[in-house]
Amino acid sequence: MTAEAVRTQTPALWFSTLTSRIDPAYRERALVSGHDVYLRDVSGREYLDARSMLWNAALGYGYRPVADAITRQLQQLGVGQMIRFEQPPQIALDYAERLVAALPEHITQVRFCTTGAQAVEAAVMLSRFVRRPDEPHRRDVIALWDSYHGIGGLASGLTGEKPLHAIEGRTLSDVHHVAAGDIEALLDTIERVGAQRITAVLLEPILGTGFVELPESYLRQVQNACRKFGIHLIVDEVTTGFGRTGSLTVSGRLGLEPDMILLSKGITAGYMPLSAIAVNREIATRALDSDVVFPHGSTCDGHPLALAAADAVLTAFADGKIFGNVIDRGAQLTTAVQKLATELPIITGVHGRGLMIAVELAGTGGATMTAIKDACRDNGLLVALCGDLVLLTPPLVITAADVDTLTDRLAAGLRAVA
């Protein structure tokens, strides 16, 4: 087959979810290697990854302690499961102890899943499952507009993105969305629906759609309302957890005490698929005291290789240096973008926390934003988009020099279009 035929042949791979077409150019841009915060494609071009794959490559590429931990576990016990037979892998027991000890003190148990969306769905099911016999009507969930909790089934219905509802169909009558940050809207919904019908409030401390940080005062008001009405508070930290904002969890940094904390993405630094539902003693006790086993799980939940990776990630975070780097590099990047805004009027602002940063652009549309993303890629920078925002979520190990490179390449991409 000629080189031209290779370039023009349509790949057999059909991408998942958010890719709109199958493009022969994928063959020339396919990624083949990576080191630190950089990736290299099949043509030899190098990119600074300012999106950490899908925000999950927390420790960048080629991080040896994680790779070595996976290799050791592969040689010792490379396959395991924990949904039947009551013989979990030893590493599952050991890592669960370490993780619970690192989370807020009121957390006592952790249940492993495979994906963030799966953990979200399981948490809502668990909230309903542990309800007392005198609470048969507690099934409804309140979530926030502009939140992101995953795609597919219940996860799509919980996600607060109207375009997604339009595509997949809004069939969940027991999910109620309210404006983020508006405590009155939440209280009004509780009153309208009836507190006795609501099982949980589900929220992200920083919204996955647009990176809007919810005020601490609001989060505490939501927590107080949940306690008052006997509603479970589920905090989705799939994105914000494991260092992305400069701490292991936002809940822990703020001293919140949700009934459940959901974790994924950075939990293994992206090296293996894993998620976790961390619960308080009351949730765990009610579930375990039930006459029926909580009916949720899949074959690869808590896979031993994933847990080995997760254990190595927790070790990497133990001395707090990476968290400090996230805070310092986030401040450096924010300041650099603010300075860039004085040269490029298309930039109207920047917001976020740690290395979860959104660059606000003006006068752009879908085609322009796509052109900006492509121009950044042509200049060796991979970024993500959300509406009129460029999202910057580089690996947490990014250096000061790398931030300078990121800023220069972002500026080149914006100038090429603006």
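The values are calculated or read from the model by the stated rules, or taken from the named source; none is laboratory data. Only a predicted model underlies this, so the values are computations on that prediction, with no experimental measurement involved. Every residue, glycine as well, gets a Cβ built from its backbone with ideal geometry; the counts of neighbours run over all protein chains shown. Areas reflect the complete protein model, heavy atoms only, side chains present, ligands, DNA and RNA absent. Shrake-Rupley method; radii C 1.70, N 1.55, O 1.52, S 1.80 Å.
Restricting attention to segment 47-61, the residues that are open to solvent by less than 10 Å² (accessible area, probe 1.4 Å) and out of contact with any Leu (no Cβ under 6 Å at 6 or more places or on another chain) add up to 4. For segment 201-241, taking the residues that are among the hydroxyl-bearing types (S, T, Y) and free of Cβ contacts under 8 Å to residues at least 60 places away in the same chain, the one that is surrounded by the most Cβ atoms within 10 Å (Cβ to Cβ) is identified as Y218.
Taking first residues from segment 89-102 that are open to solvent by less than 30 Å² (accessible area, probe 1.4 Å) and partners that are in a helix (DSSP H, G or I) and charged (D, E, K, R), the Cβ contacts under 6 Å between residues at least 6 apart in sequence or on separate chains come to Y95/D311. Each residue in segment 186-208 was checked for being of a type outside the set (G, A, S) and over 21 Å from L256 (Cβ atoms), and 6 of them qualify.
Any chance segment 332-352 includes a residue that's of a type outside the set (D, E), under 18 Å from the mean Cα position of the chain (by Cα) and surrounded by 20 or more Cβ atoms within 10 Å (Cβ to Cβ)? Yes, the conditions are met somewhere in segment 332-352. Looking at (1) within 18 Å of E105 (Cα to Cα); (2) out of contact with any Cys (no Cβ under 9 Å at 6 or more places or on another chain); (3) open to solvent by less than 10 Å² (accessible area, probe 1.4 Å), which is the only condition P258 fails? Among (1) within 18 Å of E105 (Cα to Cα); (2) out of contact with any Cys (no Cβ under 9 Å at 6 or more places or on another chain); (3) open to solvent by less than 10 Å² (accessible area, probe 1.4 Å), the lone unmet condition for P258 is (2). Here R329 clears all of (1) open to solvent by less than 10 Å² (accessible area, probe 1.4 Å); (2) under 23 Å from A50 (Cβ atoms); (3) not acidic (D, E) except the condition numbered (1). With respect to the conditions (1) touching a residue at least 24 places away in the same chain (Cβ under 8 Å); (2) under 28 Å from I151 (Cα atoms), V293 falls short on a single one, namely (1).
Counting the residues of segment 100-117 that are under 20 Å from L54 (Cα atoms), in a helix (DSSP H, G or I) and out of contact with any helix residue (DSSP H, G or I) (no Cβ under 8 Å at 6 or more places or on another chain) gives 0. In the set (1) assigned to a helix (DSSP H, G or I); (2) farther than 22 Å from Y61 by Cα; (3) at pLDDT 95 or above, L288 fails one condition alone, (3). Working only within segment 81-91, note down all residues that are among the polar types (S, T, N, Q) and in a helix (DSSP H, G or I). The answer is Q90, and nothing else. In segment 373-382, the count of residues that are surrounded by 21 or more Cβ atoms within 10 Å (Cβ to Cβ), over 24 Å from the mean Cα position of the chain (by Cα) and closer than 28 Å to P205 by Cβ is zero. Taken as a whole, segment 305-319 holds at least one residue that is part of a loop (DSSP other than H, G, I, E, B) and open to solvent by 50 Å² or more (accessible area, probe 1.4 Å). For segment 30-80, the set of residues classified as part of a loop (DSSP other than H, G, I, E, B), free of Cβ contacts under 8 Å to residues at least 24 places away in the same chain and among the hydroxyl-bearing types (S, T, Y) consists of S43 only. Of the residues making up segment 123-160, those that are in a helix (DSSP H, G or I), farther than 22 Å from T209 by Cβ and in contact with a Ser or Thr (Cβ under 9 Å, 6 or more places away or on another chain) are S127, R128, F129.
Within segment 63-81, the residues that satisfy the criterion of being out of contact with any helix residue (DSSP H, G or I) (no Cβ under 6 Å at 6 or more places or on another chain) and within 23 Å of R111 (Cβ to Cβ) are G78, V79, Q81.
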